[in-house]
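Asks: My questions will all concern the structure given below.
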Amino acid sequence: MTDKNNENKTTVDVTPQTSALVETEMADETDEIKNETKALIDAIKKRAQSEAQSAGTLTRDTYLNAVRQAREAIEANQLIERDRIEHAFDMIQQEAQKNWDSVTKEVQDLGDRLQSAAKAAWEVLTAPRS
């Protein structure tokens with residue numbers, strides 16, 4: 001039976017942290033239970049690390065793809081925004097030109113009216129009295 005038990009045992013490298021934890025928490029257990037528990041904990045740790053690395057790779061890839069897509073969307077949107085800004089600037093420029101033309105016309109009309117009023121006033125002032 002001893003040979004059979006030895007055949008089933010495999011050598012597992014156990015970290016000092018795992019060994020200390022098991023020795024502290026399972027002080028009353030047999031060496032065989034402690035050793036199997038240590039091996040189980042380290043196997044779980046290794047599997048978790050492997051899964052975390054795989055998840056980390058997937059997460060990095062997903063993150064990089066998301067960043068690339070966001071950058072492309074921003075760049076595309078900037079072109080649209082630039083067009084919208086240029087269009088808005090053209091509209092403002094046209095509106096300013098219309099306002100300028102309107103103000104110029106009003107000033108010219110006012111000047112014409114003032115000139116007519118000054119002429120009329122001059123004629124009244126210089127007209128002979130009867």
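Asks: How do the pairs read when you match residues in segment 15-34 that are closer than 21 Å to Lys46 by Cα with residues anywhere that are polar (S, T, N, Q), using Cβ under 6 Å and keeping only pairs 6 or more apart or on different chains?
Replies: Every condition considered, the pairs that remain are Val22/Thr37.
Asks: On the basis of being modelled with pLDDT of 80 or more and either surrounded by 10 or more Cβ atoms within 10 Å (Cβ to Cβ) or assigned to a helix (DSSP H, G or I) (or both), does Glu51 make the cut?
Replies: When the stated conditions are applied, Glu51 does not pass them.
Asks: Does segment 96-112 contain any residue that is assigned to a helix (DSSP H, G or I), under 40 Å from the mean Cα position of the chain (by Cα) and of a type outside the set (Val, Ile, Thr)?
Replies: yes
Asks: Another question about this same structure. Kindly establish whether Arg82 is charged (D, E, K, R), loosely packed, with under 10 Cβ neighbours inside 10 Å and either at pLDDT 75 or above or part of a helix (DSSP H, G or I) (or both). Steps first, please.
Replies: On the way: charged (D, E, K, R): yes; loosely packed, with under 10 Cβ neighbours inside 10 Å: no; either at pLDDT 75 or above or part of a helix (DSSP H, G or I) (or both): yes.
Spelling it out, it is not the case that Arg82 is charged (D, E, K, R), loosely packed, with under 10 Cβ neighbours inside 10 Å and either at pLDDT 75 or above or part of a helix (DSSP H, G or I) (or both).
Asks: In addition: What's the number of the condition Lys38 fails, among (1) modelled with pLDDT of 80 or more; (2) under 25 Å from the mean Cα position of the chain (by Cα)?
Replies: (2)
The values are calculated or read from the model by the stated rules, or taken from the named source; none is laboratory data. Fair warning: this is a prediction, and the values are worked out from it, not measured in the lab. All Cβ positions, glycine included, derive from the backbone under ideal geometry; neighbour counts span all protein chains shown.
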